[in-house]
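The values are calculated or read from the model by the stated rules, or taken from the named source; none is laboratory data. Computed from a prediction, not measured in an experiment: that's the story for all the values here. Ideal geometry is used to build each Cβ from the backbone, glycine not excepted, and the neighbour counts take in all protein chains shown.
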Amino acid sequence: MIVRPAEPADLPTLAPLWRAAWLDGHTGHVPAALMDARGPDHFTAHIEKYAASTLVAAGDRVLGLIILGDEDGEVIQLAVDQSARGQGVGGALLRAAEDRFRGRHSQTWLAVVPGNTRARRFYEFHGWRDTGPMTYQAPTATGLVDVLVQRYVKDLDAIRRTD
Ligand SMILES: CC(C)(COP(=O)(O)OP(=O)(O)OC[C@H]1O[C@@H](n2cnc3c(N)ncnc32)[C@H](O)[C@@H]1OP(=O)(O)O)[C@@H](O)C(=O)NCCC(=O)NCCS
């Protein structure tokens, strides 16, 4: 498996992978207005919008993606195909994000919904810490939807350490 920048040919595969994983992590944990706004069209449009700041994990096929906010060191989205979970793919993507931000930001951050306990365990295992609740304004085609999330951070040393 390698982690590399997303390519245009990946996008038709990434949109449904991302949507399925997003639903796994968010169903039952976010307002109905956000669920209603997260149909297939949202993911198709946004994977194109974010393509330049997306890394993918790939073997003989694309296994997962991570979308990076270079401006402020945010991990905007992380998604691993259900068939590939529990094999280190998410960890490899998260480390690639930390490596990219190291030297540019002293800290990286992300928002995770409180009920997404699998993701929270995963981040904590990788050395991230929960700094408490915040309101995240999720973009939709008709405006912003307020979502209660936990803000997780990880301090980034100038030199990479092994986890
Ligand atoms: C969260 C997610 C990205 C993790 O991806 P993954 O490829 O399964 O991650 P990894 O294989 O690297 O690690 C997963 C598991 O191993 C654990 N783990 C990894 N190495 C470990 C070790 N050496 N010892 C103990 N636990 C370990 C992680 O905490 C996690 O535990 P769990 O399976 O008990 O929940 C994936 O589950 C996913 O896509 N979920 C749906 C979308 C989502 O929720 N995204 C995050 C939104 S904020």
### Message
Being within 10 Å of the ligand (Cβ to nearest atom), out of contact with any Asp or Glu (no Cβ under 8 Å at 6 or more places or on another chain) and in a strand (DSSP E or B) is the requirement here; does V75 meet it?
### Response
yes
### Message
Can you report the number of residues in the range 66-80 which are among the small types (G, A, S) and either under 16 Å from D24 (Cβ atoms) or surrounded by fewer than 22 Cβ atoms within 10 Å (Cβ to Cβ) (or both)?
### Response
2
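Residues checked against (1) outside any strand (DSSP E or B); (2) closer than 19 Å to N116 by Cβ:
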site: F43; (1), (2): yes, yes
site: V56; (1), (2): no, no
site: L63; (1), (2): no, no
site: I66; (1), (2): no, yes
site: E71; (1), (2): yes, no
site: A79; (1), (2): no, yes
site: G86; (1), (2): yes, yes
site: L94; (1), (2): yes, yes
### Task
Output yes when any residue across the range 71-86 is within 22 Å of L23 (Cβ to Cβ), touching a Gly at 6+ places or on another chain (Cβ under 7 Å) and of a type outside the set (A, V, I, L, M), and no when none is.
yes
### Query
What residue, among those in the range 24-47 that are loosely packed, with under 14 Cβ neighbours inside 10 Å and within 15 Å of the ligand (Cβ to nearest atom), is nearest to T140 (Cα to Cα)?
T27
### Message
Just to be sure before I move on: is V89 over 18 Å from L55 (Cβ atoms) and not hydroxyl-bearing (S, T, Y) in the structure I sent?
### Response
no
### Query
Residue check, G132 against (1) at negative phi; (2) more than 11 Å from the ligand (Cβ to nearest atom); (3) in a strand (DSSP E or B), all met but one. Which one?
(1)
### Task
Only one of these is at pLDDT 95 or above, of a type outside the set (G, A, S) and under 13 Å from the mean Cα position of the chain (by Cα): T54, T13, T44, T27. Name it.
T54
